[in-house]
Structures are given as structure tokens and as C-alpha cells.
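*Asks:* Take a look at the following structure, please.
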Amino acid sequence: PTGVDMARMKTEFLYHYRKRHGLRLFDRLVAYLPRYAPWASRFAWIFNLRDRLPGLAKLSEAVAGFSALRKLPAWSLVPFRGRTAAPSGDGPEVVLWADTFNTWFEPENPRAALAVLETAGYRVHLATPPDGGRPLCCGRTFLAAGLVDEARAEARRTLAALMPLVEKGVPVVGLEPSCLLTLRDEYKVLVPGAAADKLADAALLFEEFVAREAAAGRFKPKLKALPEKRALLHGHCHQKAFAVMGSVQETLALVPELKVETVESSCCGMAGAFGYEAENVEVSKRMGELSLLPAVRKADDQTLIIADGTSCRHQIADGAARHAVHVACVLERALDKAGG
């Protein structure tokens, strides 16, 4: 069928299914991650033992359904806290949205984005809740489990926090495609109205914002060539669905001498939490082996592996033993600090 939003249909089905059958422990742990992450992060070293001590991975599969054949994302010992001071300077304003995954597992990505934007002269606001409570969440993990009411509650918190700046015309920039594009798509259904429409118009992925600002002559930090002259780029499914890959390539083209090759692939196979589930792990691995993982293995050690999706990076690490990086980290490395 054409013109059918299968993702929305799945969410609607799961909403009614969960009402009748409840949640499995696997689904509950994934869905409620944004709510317990601030607490769990305090015990990061304990939770990270799952993939270090023999037997714990198999125990997690038996109890919660997380495949023992997969390493789970490692909790960061130094999550992204941002800063408490107000942004300084008189440059154009922008809001940096640090999602759950990048905040608690890969804080180097929002730190890199913050460094790049501030070096380029922007006044960067961090997306924080007005009540000073737990960090904001787009609601994506709840939608994936069919928990529409919980996702709507997160959407309302996010709108309340961001609208004062959005009303002023300040763009909202995010790093994780599945999270940021939730603001642009699902919010119009979860909380329909003028506020959701304005936020959708203001929401941009980091590479979309950089490409737009560079084309307008406003993004002009001095960038230097990297030791690596070649990069292999994998696109997240949301980036492809929303036609963002052109912006990724335009952003990487700002790095001198870097030649970027895009992997012609479908979904990496991880698909959020899908690839971590014991009953799905073999299908997930076969999807990765269709084109992405073989291409990564063929790349030499002097080739950058770039992927903006957190699940994509984990599939690459798990299936090809290579460390993939976010576009923001590539630009941060290319900043010519000696040249100002």
C-alpha cells in the first residue's frame, strides 16, 4: 500500500495490545529508560559489569530478554551535564537538544556539538525543563512500546520548555535522528496545535542546521584537514526518510580534503532496541551483513566511519569492531583552535 504510515499504524496497534496484555520486562526497561536514566547513571560502573563479568549477559537474557550475543550500550561515568551559566556573546541564538541516549551513553557528541556551535559564534541555550526536574525526553521510547499516553506527557513537557525560545524564532538543534525528528513528525499527532507546528518548523538535525547556516554565510569557523582523508558514511533510517542525507554530505564537505563515500544500505538492522532482543538478534545481524558491515570491514584503519544514529553506531561496533562517530565529533576534531 502507498501513503500508509506503517510506523504510526504499529504504534496504534501496540497501544491497544499493551492495554490488554501489559508490558514485558524488556519493553518496560526500554520504554522507561528516559525516566530512570538519571538514577541509573549514578551506578554506571555496576550496570556496566553486565558485559564484563562472565555469566551476567546470559542472566540478563534469561531474566529480561536482552540477547547475550550483544553488548549493551555502556553507561557513561561522566554524562552530559551541560552548563548552568547563561549563554554569553551577542551571536545568533540556538537551542541544543541533548537526547537521552547521547546524554547518558555518548556525552562526547553533545559536548562536540556545543563546542562547534560556540566556536562558530552562536549563543547556545541547552534544552532543559522549566521546573529543573529530570531531563527532557522526546517520548520516542514510549511510542516504540505503544505507550502513547506516556509519550504525550513527555511531548507536553518538551513543548512547555522550548516554546518561549521557539516563539522568538530560535531553532532547536538535535543530534539523534529518531529523537529530533519525533519533534517534527509525531508531535503533530500527539499534541496537535499551533505550538507543535511551530516546534516542528524550528526542529533541525545538527547537520541540517550547519548546512543551512553555511549556505547563508553565517557558519564560518576555521576548519583544518584531518589525518584521515577518507570517510565512510552510513545514513540513519530517519535521515533517509526525511531526505536529510544531502545535509550530512554538505556538512562533511566543509572539512578540507575529506572525501566522503556513502554506504548504499538499508536499515543497519539494529532499529532502536530491536537488535538487542534475544528473539531478533539473528535477523538484526543478517540485516547488517547485507551491505553495511561488509563495507565497514573493507575500510582501512585510516578511514573515518561516520553514523549519526546511536543504534547504527552500536551495530557497527558489535558487527565490525569499528568505532563510528557522529558528524558533530568530526567537525569538533576539525576545529582549527590554533587559528582561532
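*Asks:* List the residues of segment 143-185 whose backbone N lies under 16 Å from a point placed 7 Å from the Cα of Tyr15 along the Cα-to-Cβ direction.
*Replies:* 143-156, 185
*Asks:* Heavy-atom accessible area per residue, segment 193-281, 1.4 Å probe: how many Å²?
*Replies:* I get 43 Å² per residue for segment 193-281.
*Asks:* Here's another thing I want to ask about it. Report the relative contact order of segment 151-253, percent, no decimals, based on alpha-carbon pairs under 8 angstrom and at least 6 residues apart.
*Replies:* Relative contact order of segment 151-253: 28 percent.
*Asks:* Considering the dipole of the chain built from charges on the beta carbon (Lys and Arg +1, Asp and Glu -1) around the Cα centre, which of Ala98, Pro171, Leu199 is farthest to its positive end?
*Replies:* Comparing the listed Cα positions along the dipole, Ala98 ranks first.
*Asks:* Between Lys198 and Arg28, what FRET efficiency comes out of the Förster formula 1/(1 + (r/R0)^6) with R0 = 51 Å and r the beta carbon distance, rounded to 0.05? Provide the component values of the computation, followed by the final result.
*Replies:* Numbers: r = 33 Å, r/R0 = 0.65.
So, using R0 = 51 Å, E works out to roughly 0.95.
*Asks:* Want the number for Ser266 to Ala216: 0.36 nm per residue separation, take away the alpha-carbon distance, what's left?
*Replies:* Working: separation 50, 0.36 × 50 = 18.00 nm, distance 3.21 nm.
Extra length from Ser266 to Ala216 when fully extended: 14.8 nm.
*Asks:* Within segment 257-296, list the GluC sites (Glu not before Pro) lying in a DSSP loop whose Cβ has at most 15 other Cβ atoms in a 10 Å radius. Display every interim value, and only then the final one.
*Replies:* Working: sites: Glu257, Glu261, Glu264, Glu277, Glu279, Glu282, Glu289; in loops: Glu257, Glu264, Glu279.
Counting only loop positions with at most 15 other Cβ atoms within 10 Å, the GluC sites (Glu not before Pro) in segment 257-296 are Glu257, Glu264, Glu279.
*Asks:* While we're looking at this one, here's another question. Could you list which residues have their amide H under 5 Å from that of Leu205, counting only those 5 or more apart in sequence or on another chain, with H placed in the peptide plane?
*Replies:* Correct list: Gly174.
*Asks:* Still on this structure, I have one more. Counting each DSSP H run of 4 or more residues in the chain as -39500 (n - 2.57), what helix-only mean residue ellipticity at 222 nm follows after dividing by all residues, to the nearest 500 deg cm²/dmol?
*Replies:* Rounded to the nearest 500, it is -13500 deg cm²/dmol.
*Asks:* Hey, with R₀ at 22 Å, roughly what FRET efficiency would Tyr36 and Arg156 work out to, going by the Cβ-Cβ distance, to 0.05?
*Replies:* The pair Tyr36/Arg156 has a calculated efficiency of 0.65.
*Asks:* Leaving out ligands, DNA and RNA, what percent of the accessible area of segment 166-292 is carbon and sulfur, probe 1.4 Å? Intermediate values should be presented prior to the final figure.
*Replies:* Details: 2890 of 5330 Å².
Reported share for carbon and sulfur atoms: 54 percent.
*Asks:* Now, a different point. With contacts defined as alpha carbon pairs under 8 Å and 6 or more residues apart, what's the relative contact order of segment 205-319 in percent?
*Replies:* Averaging sequence separation for qualifying contacts and normalising by length gives 32 percent for segment 205-319.
*Asks:* Accessible area per residue for segment 1-102 in Å², computed with a 1.4 Å probe and the full protein assembly in place, what is it?
*Replies:* 65 Å²
*Asks:* Rounded to a whole number, what % of the accessible area of segment 19-66 do carbon and sulfur atoms account for, probe 1.4 Å?
*Replies:* Roughly 63 percent, rounded to a whole number.
*Asks:* Normalised by the residues of the chain, what does the relative contact order come to in percent, with Cα pairs under 8 Å and at least six apart?
*Replies:* The value is 17 percent.
*Asks:* What pairs in Lys71/Lys337; Lys229/Lys337; Lys10/Lys285; Lys224/Lys259 have C-alpha atoms more than 25 Å from each other?
*Replies:* Checking Cα-Cα distances, Lys71/Lys337 exceed 25 Å.
The values are calculated or read from the model by the stated rules, or taken from the named source; none is laboratory data. A quick note: this is a predicted structure, and the numbers were derived from the prediction, not measured. Heads up, the Cβs are rebuilt from the backbone with ideal geometry, glycines too, and the neighbour counts pull from every protein chain shown. In case anyone asks, the SASA skips ligands and DNA or RNA and just uses the protein heavy atoms, side chains included. Shrake-Rupley method; radii C 1.70, N 1.55, O 1.52, S 1.80 Å.
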